[in-house]
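Laboratory data are not the source of any read-out in this text; all were calculated from the coordinates shown. All of these numbers come straight from a predicted model, not from anything done at the bench. A quick note on method: Cβ atoms are made from the backbone with ideal geometry, for glycine too, and the neighbour counts reach across all protein chains shown.
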Amino acid sequence: MSMLVRATPFHSRAAAANRLNAWANRNGYTLASHYGDANAEALAPHTTAAIADVSWRWRVSIEGARAEEFLSRLLTRNPAKLTPGQAFKALWLTDHGAVRGAGAVARLGRETFRLVSTQSDLDWIASGAALFDVRVSEIEEGGLAIIGPYANKIFDAAGFGEALNALTFRKMFWRGLDIMLTRFGEHGGFEVWCKPDDAPILWGRLLKAGEPLAMKLVGLQAMDVLDLEAGVPRPERDYDAARDGFAMAPTPYDLKLESLIDYDHLLFNGRTAFLSTPRSQTRVGVELDGDRPAPYTNLMRNGQRVGATMNSLYSPALQRAIALAIVDVASAEPGTRLTLPDGTAAKVVSLPFLSVPDSIAE
Amino acid sequence: MRYDAAIIGAGANGLAAAATLGQAGLKVIVLERAAVCGGRAVTREFHPGFCASPFVDELPQIPVEIFHALDLARHGAVFVPTLSSLALWPDRKHEVLHWTGSEAFNRLGAVARKRANEIRTRALTDAALAPERRWFGGAPTPASWPGEGWSNDSLTEFLSESLSGDDAHMHALAAALSGRAADPFAVGSALHLLTGDGGGTVMGGLWTLASALEAAARAAGAEISLGLEVADIRLRGQHAVGVHLADGTQIEARAVISTLDLRRTFFSLFAWKDLPKAVEQCVSRYRYAAGRARLLLALDAPPPLEADFAQGPIHIAADTNAHAKAHDSWRNGIVPDQPPLTLRLVSAADPRLAPIGKAVLTATLGCVPHRLFDGAWTNEKRTALRDRTLAQIEAALPGVTASVAGSELIVPPDIEEQLGITEGDLDGGEIAPDQMFSFRGFAEHPGSRTPIGGLYLGGTSPAFGTCAAGVIAARAVMADLK
Amino acid sequence: MSARSDAIVIGGGLNGLVAATYLAKAGRKVLLLEAEEILGGSCRASAALPGVRASLGAHALTALDPRLVKDLGLRGLKFAARDLPTVALRPDGHHLVLGRDAHASARAIAAQSPADAETYRRMRSEIFALGRAMRPLWWDGLSDAFSDPLFSRLKVASATAFLSNLESEPLKAAIAFDAGMPMQSGSALALVWRAAQEMCGLQGAMAMPFGGVAALADMLIIAAQAAGIEIRTKARVAKILADSAVAGVSLDTGEEIYSRAVLSSLSRRETLLDLSPTAAAGFSETARLERAAPLTGDAAILFLLNAAPDFGAPNGRFLIAERLDAYAAAESIAREGRLPDELLIEAVVATAADPSLAPTGLHVLSVRVHGLPLAPEGGSAEIIKRVIAALERHTPHLRERIIGLDIRLPYEQDVFSGERLAAAYAERVETPVEGLFLCGTGAEPMNAISGRAGRLAAGIAQAWLAREKRA
């Protein structure tokens, strides 16, 4: 894996808009952390719409006669059920049932698939694919996500045609550009992908389409707050995905991602180990007293450590700091009162903290 | 029907009080004469396809502890703070006079916010104390007294000390006096700075906040009755024991919270003979200073404004003398030549308010008298004011008047009639050192209490923030009913 | 085809027969599949030498589990030699006899190196004591009994380090022959393993059965047939069928046979990489197995002689191993595909103890060459040439006496490792595929005939089948 940090295809446009020169790195790419007031950006997906550069997400093409067989072995759900144009979300596990990655898998054709994830895992997937004579290649594209109650209106305003159902995608030739429209995000809305060279054009067109609807350009920080509010855990940012092929942690139960596993899918890497994994911990949402975030901090109950927070940020919509955390099952009931080591009060709440409204109330 | 508490008025304060009491397990009923909840937190269509909040564009920020306690975020109220404001010369000699972003300006705002927070927090906590526990010894000194500087200085003095630069000065002046009738040279007018802290809107329009508060109140088990007018408060001796409705229904309650303003509470809900002399005197001496008028404009095309500037209030700047002159006119019952004006392109931040490609522009005027020297507000006088205001707006944003598709003018008597507020004063009384905070009600009866046992005042109290007055009253009720 | 079996056993060699028989005795319906025409695996008598009963599989036994004899009713098993000493052949003719009698060995050592004698005696007692103490690890599959710090040190110690107290190179080299790859971490434990074994009631002994291991194989075949196992020969398994658990096998003819469990007597690598569905062992495990391809192995040669070879030493298991370094040198040369200059050889005159192994008047010299490349340059001809040359240094005129020979080239076996040696049997027997078990040398700690893997695999499979039935 290269240690090089790259610019996304939208970098020149993002730099022009990034007045405060606030940048961050994610998955090997440089992105604007916020373009102006980070709190205002974090509110945008709840009020009108937000547009963000998501080119940093890892995308690979998986092709071959045995591609379906390979993915069936790799993923915790069976891709045989996908028809071209459909996608689902699944995990992939180590031999011992620990979570290595999570992502959306889309079927483009009988032997062609695409995997999208927020963390790259080329070694594992490429070496696994090689066992099945399946080709894996990384895709370089520019991607913009639009999220918020106005997302559908902006979709229409841009002229993308028929609405797209969740977890489907469509390639199209849109006013001279080859693009792919997807609805893979956890927050509703949609994503538009284009060739790197076409990125500046796409940026301009989408910003223009969204302007009358008060769409706001948001940076990585706002997207992270959105993930946190929705309770969506991401590898690298919130937790360390297993990187050793024999690792036993974190388990799907720890991360509360077992819903991405199909128990009727009989043969996938790590299944036997997963079936005997104990459910000792689980992921919960924690509301903190005050507005100071507390990431990667122990959580105490009656003087005992019962877990720890993962990522934690201030949510302007909730007007408090919130955190995702992994705690012992016994302390995971919503309403359980915990404390941080410095005495700050914390309370377990059910997830999501807040969802994005999928349309506007008139 | 017997309740622990009856709340008059389902505005933000009334609903917040109901939710607070409901969460404490008390049996509560809220009585509202209008068909909807929300009071001034309302958004309505003033021209086909065009909506706006008729009375105010934004509300002061809800104190965080109340926001959390009522779980408003989950009930759908996402509070969007107003980040910036703009000051323009009236004839647009310079494009932009001043824009928030200067350090001193922001620091002033931060200082005012901090002080207001301190006062509010103290008031919220103190409300829970029972009346016997006086936190001031001897002569009544209000605990939430803002402090010497604020209550002794005039606005101009205070600003001269805190800000350098005429531009910033004028911006701050315009922001503090927006929608009001106040003399910037008057002693104690610095208090106006405390009332304009960190306000904001709620996405979808202010009515979203109202519905979130209503949801919170219902979730807490409170009953809300709409379309019911309270005729008077039932007394037994010197104690309030319930309310009479206009249709004759009697409601028994161990406590009554009135979110109406002081004069309306006492002079319309009681028979003259039942009021203690002290109350009658205090209430008659109480002053109102309604000066707010609103012009709502439906535009076929948005005015050419840079996106950054379009998101917040746009104050048409005037120097201190102009403000003083406007106040003079107001005092004499005359509409000023150039009333202080604040514009806001509300549809820029909230596209729901107008069809795509069109816009809603609101104008908030100050120093518009409730009663004109020569009589009532006739249609003629309304049209004259509207035209004059449009000319003012045209000077600041050329080309706007050509795209006006429809409009609505609201003057203080309209506010009085529609919201049931004395003289249409949205502040609930003049902002002056002898009428603010603890002096707003009855200083000897702290924390919203009144000389009448069982009766509490939960109406608007500037600088406390939205919902705070209602919650303070609720806490006083909880403390007293224990 | 008959109804679905409880278990299919792949491979009709010693281990497969043992596993199948134990399972059948536990009441399970077993099908044994053997690719060749006849059973016995590597323990069959040499096919190239008619009338000769010696086998290329092994010339003596060191680790045959004594319980097999009782459990499987191997009544005819008698031993021609019970306690073959190790004889380290020296070029100068002063051969060193290392028997089970520690004192006698020490005396023999003292003749050349007095300091070593005492060291050897102490070392040998220590090893034998440890062997007795650790026997349950390798006999019953228990693994948790050893929190002893000595054990954990041994697990990572190399035989070379362990033997460093001795001075004499030939002595060290001779002892190291049983340590697998003596410079590897964990090979010290291999010496203890050897001392944990028992033949004919004698600890650490090497014994030769009458009729050779082929006779043992015959007895096991009879026992298997008596136990009611269905046996099919000329049935080569091409694939193991499995999804979430094993479902059966498919032969190279395409025929699919279903069963609830499968036991494989092939190596772990071959079972999981070649026969199982792609990456059935798990992506990481598959990658690890691929990386751990063995590059060297042992070759076996049988020489049919018309006269008894004379090594100038009492009969025993002859070792030609001059220096400890030779092991490392041989390993690195062999990894490049070349034959080492200095061959490490073990030779036994099979007919000396058991003349019935060859027609009257003929003799069999059974040779094992340690650490040769899997695809040696020059092929078998070159190996034979060099082996004869090496042997002739100790037994002249060997070449003229050879009237026939058979050779088994080095084949792929699971690589030795200290971890493998110290793991519990269950870990070696079970695989990541549910219902698939290893019962052959792939599940043994060392490459030696013992049958224990077969026995324990049968037990583990039996328990698994019982659980699965309930579930």
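What to note about this one:
- Calculated P(r) tail over 18 Å for the range C:27-155, as whole % of Cα pairs: 74 percent
- Estimated dipole of the protein assembly as shown in Debye, rounded to 20 [Cβ of Lys and Arg +1, of Asp and Glu -1, Cα centre]: 2860 debye
- The ellipsoid equivalent to the alpha-carbon distribution of the protein assembly as shown has semi-axes of 92, 32, 27 angstrom, derived from the gyration tensor eigenvalues as √(5λ) and listed largest first.
- The simple Förster model, with R0 at 35 Å and r as the Cβ-Cβ distance, assigns C:ALA463 and C:SER164 a FRET efficiency of 0.20.
- Pairs from C:LYS25/C:LYS78; A:LYS347/B:LYS114; C:LYS25/C:LYS70; A:LYS81/A:LYS256 whose Cα-Cα separation, in the structure shown, is over 18 Å: C:LYS25/C:LYS78; A:LYS347/B:LYS114; A:LYS81/A:LYS256
- With all pairs of different C-alpha atoms in the average, the Kirkwood value for the hydrodynamic radius of chain B is 22.7 Å.
- Sequence-distant lysines (8 or more away, or on other chains) whose Cα lies within less than 21 Å of C:LYS234: C:LYS29
- The ranking of B:LEU419, C:LEU154 from fewest to most other beta carbons within 10 Å of each one's beta carbon is B:LEU419, C:LEU154.
- Going from the residue with the fewest nearby Cβ atoms within 10 Å to the one with the most, C:LEU339, A:LEU4, C:LEU72 rank A:LEU4, C:LEU339, C:LEU72.
- Look at the stretch B:73-84: the mean tally of other chain Cβ atoms within 10 Å of its residues' Cβ atoms is 5.
- Distance between the C-alpha centres of the range C:12-36 and the range A:1-42: 65 Å, rounded to the whole angstrom.
- Computed label-point distance, nm, for sites A:ALA163 and B:LEU481 using a 7 Å Cα→Cβ extension: 4.5 nm
- Each Lys and Arg contributes +1 and each Asp and Glu -1, all at the Cβ; summed about the Cα centre of the range C:295-408, the dipole is approximately 160 debye.
- Translational diffusion coefficient (Stokes-Einstein; Kirkwood radius from C-alpha pairs) of the range A:59-136 at 20 °C, 1.002 mPa s, in µm²/s: 176 µm²/s
- Exposure proxy shown here: for C:SER125, C:SER105, the number of other Cβ atoms within 10 Å sets the order, fewest to most, as C:SER125, C:SER105.
- Magnitude of the charge dipole, chain C, Cβ model with Lys/Arg +1 and Asp/Glu -1, debye to 20: 1100 debye
- Cα centroid separation, the range C:181-240 to the range A:156-175: 68 Å.
- If a spin label sat at a point 7 angstrom from the Cα of A:ASP342 along the line to its beta carbon, the backbone N atoms of the range A:261-298 nearer than 16 Å would be those of A:288-298.
- Excluding same-chain neighbours fewer than eight residues apart, the aspartates and glutamates reachable from A:LYS153 by a Cα-Cα span under 15 Å are A:GLU162, A:GLU191, A:GLU211, A:ASP358, A:GLU362, B:ASP350.
- All-pairs Cα distance distribution in the range B:371-468, expressed in whole percent, bin size 10 Å: 13, 29, 25, 21, 10, 2
- Peptide C:344-351 has a mean shielding of 0, counted as Cβ atoms of other protein chains within 10 Å of each residue's Cβ.
- Rg of the Cα atoms in the range A:145-236, relative to 2.2 N^0.38 Å, amounts to 1.09.
- Based on the convex hull around the alpha carbon atoms, the range A:258-349 presents an average projected area of 7.1 nm².
- C-alpha center-to-center spacing [the range B:17-68, the range B:339-362] in angstrom: 21 Å
- Placing pseudo-labels 7 Å out from each Cα toward the beta carbon at A:GLU138 and B:GLU280 gives an inter-label distance of 8.6 nm.
- Label separation (B:GLN250 vs C:ALA47): 11.4 nm, computed from points 7 Å beyond Cα along the C-beta direction.
- Within the range A:236-264: backbone nitrogen closer than 18 Å to the C:ALA423 label point (7 Å, Cα to C-beta): A:245-248
- Taken over the alpha carbons of chain C as equal point scatterers, the Debye sum produces base-10 log I(q)/I(0) values at 0.06, 0.08, 0.12 Å⁻¹ of -0.25, -0.46, -1.07.
- For B:LYS277, the aspartates and glutamates whose Cα falls under 17 Å of its own Cα, not counting residues fewer than eight places away in the same chain, are B:GLU444.
- Length gained when the stretch C:ASP140-C:GLU412 is fully extended (0.36 nm per residue, less Cα-Cα span): 95.2 nm
- Mean partner shielding of peptide C:279-292, defined as the number of other chain Cβ atoms within 10 Å of each residue Cβ, is 6.
- Calculated FRET efficiency for the pair A:ARG66/C:ASP252, C-beta based, R₀ 22 Å, to 0.05: 0.55
- Loop-located chymotrypsin sites (Phe, Trp or Tyr not before Pro) in the range A:267-362 whose Cβ has at most 15 other Cβ within 10 Å (DSSP): A:TYR296
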